Amino acid sequence: MNTQRFFLFLSTICLAFSCDSNKDYPFSKATVAQEVAIIEANKDFNDYWYAGKAEVSSYELKQARYGEIHDGDAVLIFVTEPFSLSKQVKLDYPENAGKDKVSVLKLNHVRKFNTGIYDYSVMTSLFTPVDYQNHPYTLKSTTTSQEWCGHSFTQLNLDGNNYRFKQFSYFEAESDEEKKIDAALFEAELMTRIRLNKGNLPTGELTLIPSTIHARFAHQDLRPSKAQISKTQSESKTTYTIEYFHQTRTITIEVEQAFPYKILAWSENNGDGLLTTARLKKSLHTPYWSQNDKANEGMRMVLELVK
């Protein structure tokens, strides 16, 4: 990975898209200019994200569901992986993949909580290219939801300027569905962009594909929607506020100011008087995939994941 090339990617974004005035690209020209001014090539990114470790962070979750707030845990797992452009899966033999290989920052966003007698387990996976000068959109997003009534699965794969959307659900109104959605920034992807872009997001009006978790819970049709991003800053953190224009939904994301720009907290307000919140408990930088025996169960105590 050429570090200087990656950190200079924004300088060419305007040139790449300036000839297409109708392209709803997630970074405006004004924002690109701001980002170029603050991003400098340094070795911190490679030393942290290519050290053969993942960042595993646990959060105290207060999840709004069925008109009440339910206690639970959320976990964000960030890790870089070699990814296949053609198959859109993790490569088993990246050294043999040639031009089909792209490095992605994967985010596994996991939520677990109980609603009365039964429990929920929800997970979204995102695969965002590290070099998004050449690969400006997240390549793939999947969301699964399991609870005692049944389960559902949603997947979006980048195909040119569209996402191929597939959904499988036990609800009759949703059932099985396939369609195309215009490519845009995922709401869930804002967290990977923050990590890739030194804690920064574009501000102002842009198009987002709303949260697939929220669409599942609210039984809403998933389609791109206009939103406004603003930010406030303090000495220790930056807070981003995302407000949708055509739905009553506001999200906040709190990010630490210093490298590696961890997600400190987030909230989701759907206009029903209830607020879903998640606040950081503990964070580890560790190769969790090799820590799968009983001797490593104590690490869950470190993350305050007792269950």
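The values are calculated or read from the model by the stated rules, or taken from the named source; none is laboratory data. As the structure is a prediction and not an experimental result, all values here were calculated from the model. Every residue, glycine as well, gets a Cβ built from its backbone with ideal geometry; the counts of neighbours run over all protein chains shown. Each accessible area value is taken on the protein alone, full model and side chains, heavy atoms only, with ligands, DNA and RNA left out. Shrake-Rupley method; radii C 1.70, N 1.55, O 1.52, S 1.80 Å.
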Next on the checklist: When you check Thr248 against the structure, is it more than 17 Å from the chain's Cα centre (by Cα) and of a type in the set (Val, Ile, Thr), yes or no?
Outcome noted: yes
Item to check | Enumeration of residues in the range 204-222 that are at pLDDT 95 or above and part of a loop (DSSP other than H, G, I, E, B) | outcome: Pro210, Ser211
Checklist entry - Under 9 Å by Cβ, and 6 or more places apart or on different chains, what pairs join a residue from the range 63-84 that is under 17 Å from Ala218 (Cβ atoms) and among the hydrophobic types (A, V, I, L, M, F, W, C) with one that is modelled with pLDDT of 95 or more and open to solvent by less than 10 Å² (accessible area, probe 1.4 Å)? => result Ala64/Thr276; Ile69/Gln63; Ile69/Thr276
Next on the checklist: I'd like to know if the range 86-104 contains one or more residues that are in contact with a Leu (Cβ under 8 Å, 6 or more places away or on another chain), open to solvent by 20 Å² or more (accessible area, probe 1.4 Å) and within 25 Å of Ile209 (Cα to Cα).
Outcome noted: no
Next on the checklist: I'm trying to understand the selection: among the residues of the range 262-299, which are under 23 Å from the mean Cα position of the chain (by Cα), farther than 23 Å from Tyr66 by Cα, open to solvent by 30 Å² or more (accessible area, probe 1.4 Å) and of a type outside the set (Gly, Ala, Ser)?
Outcome noted: Lys262, Leu264, Leu280, Lys281, Lys282, Leu284, His285, Pro287, Tyr288, Trp289
Item to check | Residue ranges of strands (runs of 3 or more DSSP E) in the range 69-154 with at least 1 members under 21 Å from Leu280 (Cβ atoms) | outcome: 101-115, 118-129
Checklist entry - Is it the case that the range 41-54 has a residue that's at pLDDT 95 or above, outside any helix (DSSP H, G or I) and surrounded by 15 or more Cβ atoms within 10 Å (Cβ to Cβ)? => result yes
Checklist entry - Scanning for something within 13 Å of Thr192 (Cβ to Cβ), open to solvent by less than 10 Å² (accessible area, probe 1.4 Å) and of a type outside the set (Gly, Ala, Ser), does the range 118-126 turn up at least one residue? => result yes
Next on the checklist: Name the single residue that is nearest to Ala215 (Cα to Cα) among those in the range 262-307 being outside any strand (DSSP E or B) and basic (Lys, Arg).
Outcome noted: Lys262
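Each row is one residue, and each column tells you yes or no for (1) open to solvent by 40 Å² or more (accessible area, probe 1.4 Å); (2) over 18 Å from Thr250 (Cα atoms); (3) in contact with a strand residue (DSSP E or B) (Cβ under 8 Å, 6 or more places away or on another chain).
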position	(1), (2), (3)
Trp148	yes, yes, yes
Phe153	yes, yes, yes
Leu158	no, yes, yes
Arg164	yes, yes, yes
Glu178	yes, yes, yes
Leu190	no, no, yes
Arg193	no, yes, yes
Glu205	yes, no, yes
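Only one of these is free of Cβ contacts under 8 Å to residues at least 12 places away in the same chain and closer than 27 Å to Tyr48 by Cβ: Tyr93, Tyr132, Tyr137. Name it. Lay out the reasoning, then the answer.
On the way: Tyr132 fails: free of Cβ contacts under 8 Å to residues at least 12 places away in the same chain; Tyr137 fails: free of Cβ contacts under 8 Å to residues at least 12 places away in the same chain.
Only one candidate passes the filter, namely Tyr93.
When the residues of the range 237-248 are filtered to those that are open to solvent by 50 Å² or more (accessible area, probe 1.4 Å) and at pLDDT below 95, which remaining residue is farthest from Ala265 (Cα to Cα)?
His246
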Next on the checklist: For a quick check of your reading of the model, give me the residue pairs whose first member lies in the range 224-236 and is under 26 Å from Lys179 (Cβ atoms), whose second is acidic (Asp, Glu) and open to solvent by 50 Å² or more (accessible area, probe 1.4 Å), with beta-carbon atoms closer than 7 Å and at least 6 apart or on different chains.
Outcome noted: Pro224/Asp182; Lys226/Glu205; Ala227/Glu243
